[in-house]
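Asker: Here it is, the structure, as structure tokens.
The values are calculated or read from the model by the stated rules, or taken from the named source; none is laboratory data. Here the structure is a predicted model, which is why all the values come from computation and not from measurement. Don't worry about glycine lacking a Cβ; one is built from the backbone with ideal geometry, like all the others, and counts go over all protein chains shown.
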Amino acid sequence: MNDRVLHNVNDVSFSVLQSLTPLHTFGLAANCFQFTTVNSLESLLALQERLQKKPFILLGEGSNTIFTRDYDGLVVKNELKGVHISEDEDNYHLHVASGENWHDLVCFCLSKEIYGFENLALIPGTVGASPIQNIGAYGVEIERFVHSVEFLDVKSGRMSHFTNKECEFAYRESRFKLESDALRIITAVNFVLPKRNKLIATYGPLAELDNPTPQSIFEKVVETRKSKLPDPKILGNAGSFFKNPNITIVEFQSLQSAYPDMPFYRAPEGKIKIPAAWLIDKLGFKGYKQGDIACHQNQALVLVNHGHGTGEDLLILAREIRDKVLETFAIKLENEVRLMGRAAQIEL
């Protein structure tokens, strides 16, 4: 890890009583009482003293965050922008600011014939969120391409970076999530994409492609995601609400004897990955409602807001699903979405 000291500059203006409803894709009614945006490292550093003293949350596009009630801390909207490309004989090197839209980056790379991200098309959110969640789809996780992640350490005021190994990537996890007490704001991600990238087209609908190409993989992923996932501009949602659980082979064999139709995938460390959507669907939750919050009628892994949902109803439904899955299958589901309470992140 390398670092350098930066100093606060200039004052930053704040908005008060800012509605958070349009700033997170689930669209619950919520407000914050201090709000600002950052569009440069200088504007971020100017906030450092304030960030050290009181609760805050860095918000990208709000596609993986749900505000379940009013937030008492400071909301900082990330609008850091910029993409820089260099190359050597074997690889493309991308330095991408954390506020860039992820899907826009995928499209940009495809247009430049820089391949590797196409399996991750249409995943909502910003580039800065991608290593935090270790986003993945259709056999590819972002850790495969991350060289390093740059961030501001709020406590020390230093700009630092973690190498790929130091990020401690795991399934939908990283060091940025596991170290919840460490105040780190990602400012940029450095990617390395091989010029002779190996296509991954063996998962789900991609296996149906004849002679797959990066373009055809991209198009199939976009088509599939649009057919399965509701558009948050039309129906409030935050994508997959729960993680797909990994269980031991012994646990899986016990479940398979009772549910021979249970789908599964091999996972690292000898584990078996079970689709959470199958577990939820098996229990009849598709279309089930709690107030104006529902389990989507076509995709059981997605909880949706029909317009007037509340944070209380969301938590009641999510906990009911979690408890029923645990009771029936002895599998504990974990939420993938970040749930915010009045002053901090909350757990189901």
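Asker: Looking only at segment 153-168, count how many residues are in a loop (DSSP other than H, G, I, E, B) and more than 29 Å from I217 (Cβ to Cβ).
Answerer: Let us first name the residues in segment 153-168 that are in a loop (DSSP other than H, G, I, E, B), namely 154-157, 164, 168.
Within this subset, residues satisfying the condition of being more than 29 Å from I217 (Cβ to Cβ) are 154-157.
Of the residues in segment 153-168, 4 are in a loop (DSSP other than H, G, I, E, B) and more than 29 Å from I217 (Cβ to Cβ).
Asker: Just to be sure before I move on: is L110 in contact with an Asp or Glu (Cβ under 8 Å, 6 or more places away or on another chain) and either aliphatic (A, V, I, L, M) or crowded, with 21+ Cβ neighbours inside 10 Å (or both) in the structure I sent? Reasoning before the result, please.
Answerer: Working: in contact with an Asp or Glu (Cβ under 8 Å, 6 or more places away or on another chain): yes; either aliphatic (A, V, I, L, M) or crowded, with 21+ Cβ neighbours inside 10 Å (or both): yes.
Against the criterion (in contact with an Asp or Glu (Cβ under 8 Å, 6 or more places away or on another chain) and either aliphatic (A, V, I, L, M) or crowded, with 21+ Cβ neighbours inside 10 Å (or both)), L110 qualifies.
Asker: So, in segment 300-346, exactly how many residues are acidic (D, E), surrounded by fewer than 16 Cβ atoms within 10 Å (Cβ to Cβ) and more than 30 Å from Q256 (Cβ to Cβ)?
Answerer: 1
Asker: Another question, then. Can you tell me which of (1) farther than 20 Å from F26 by Cα; (2) in contact with a helix residue (DSSP H, G or I) (Cβ under 8 Å, 6 or more places away or on another chain) is the one Q299 doesn't meet?
Answerer: Every listed condition holds for Q299 apart from (1).
Condition check ((1) small (G, A, S); (2) in the same structural domain as P205 (by TED's automatic domain parsing); (3) more than 26 Å from T37 (Cβ to Cβ)) across all residues:
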residue: L94; (1), (2), (3): no, yes, no
residue: S98; (1), (2), (3): yes, yes, no
residue: Y115; (1), (2), (3): no, yes, yes
residue: Q133; (1), (2), (3): no, yes, no
residue: V140; (1), (2), (3): no, yes, yes
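Asker: Do we have P230 as surrounded by fewer than 18 Cβ atoms within 10 Å (Cβ to Cβ), in contact with a Gly (Cβ under 9 Å, 6 or more places away or on another chain) and over 19 Å from G116 (Cβ atoms) here?
Answerer: So P230 passes the test.
Asker: A further question follows. May I ask you to list the residues in segment 170-207 that are exposed (fewer than 15 other Cβ atoms within 10 Å of the Cβ), among the polar types (S, T, N, Q) and under 21 Å from A137 (Cβ atoms)?
Answerer: Within segment 170-207, T202 is the sole residue that qualifies.
Asker: Let me ask something else. Please enumerate the residues belonging to segment 29-49 that are over 27 Å from G307 (Cβ atoms) and either of a type in the set (D, E) or touching a helix residue (DSSP H, G or I) at 6+ places or on another chain (Cβ under 7 Å) (or both).
Answerer: V38, E42, E49
Asker: Evaluate the following for L178: is it in contact (Cβ under 8 Å) with a residue 60 or more places away in the chain, within 16 Å of the chain's Cα centre (by Cα) and closer than 28 Å to E347 by Cβ?
Answerer: no
Asker: Report, ordered by the first and then the second residue, all pairs with beta carbons closer than 9 Å, sequence separation of six or more or different chains, a first member in segment 208-221 that is in the same structural domain as I123 (by TED's automatic domain parsing) and surrounded by fewer than 16 Cβ atoms within 10 Å (Cβ to Cβ), and a second member that is of a type in the set (A, V, I, L, M, F, W, C) and part of a helix (DSSP H, G or I).
Answerer: Partner pairs satisfying both residue conditions: L209/I217; Q215/L110.
The rows are residues; the columns are (1) touching an Asp or Glu at 6+ places or on another chain (Cβ under 8 Å); (2) of a type in the set (D, E).
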| position | (1), (2) |
| --- | --- |
| S174 | yes, no |
| L193 | no, no |
| K198 | no, no |
| E208 | no, yes |
| P230 | no, no |
| R266 | no, no |
| W278 | no, no |
| D281 | no, yes |
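Asker: Further, regarding this structure: Residues that are under 30 Å from P55 (Cβ atoms), in contact with a Phe, Trp or Tyr (Cβ under 9 Å, 6 or more places away or on another chain) and part of a loop (DSSP other than H, G, I, E, B): does segment 183-201 have at least one?
Answerer: yes
Asker: Oh, and also: Name the residue that is nearest to the chain's Cα centre (by Cα), counting only residues in segment 44-56 that are crowded, with 17+ Cβ neighbours inside 10 Å and within 30 Å of K233 (Cα to Cα).
Answerer: Among residues in segment 44-56 that are crowded, with 17+ Cβ neighbours inside 10 Å and within 30 Å of K233 (Cα to Cα), the one nearest to the chain's Cα centre (by Cα) is F56.
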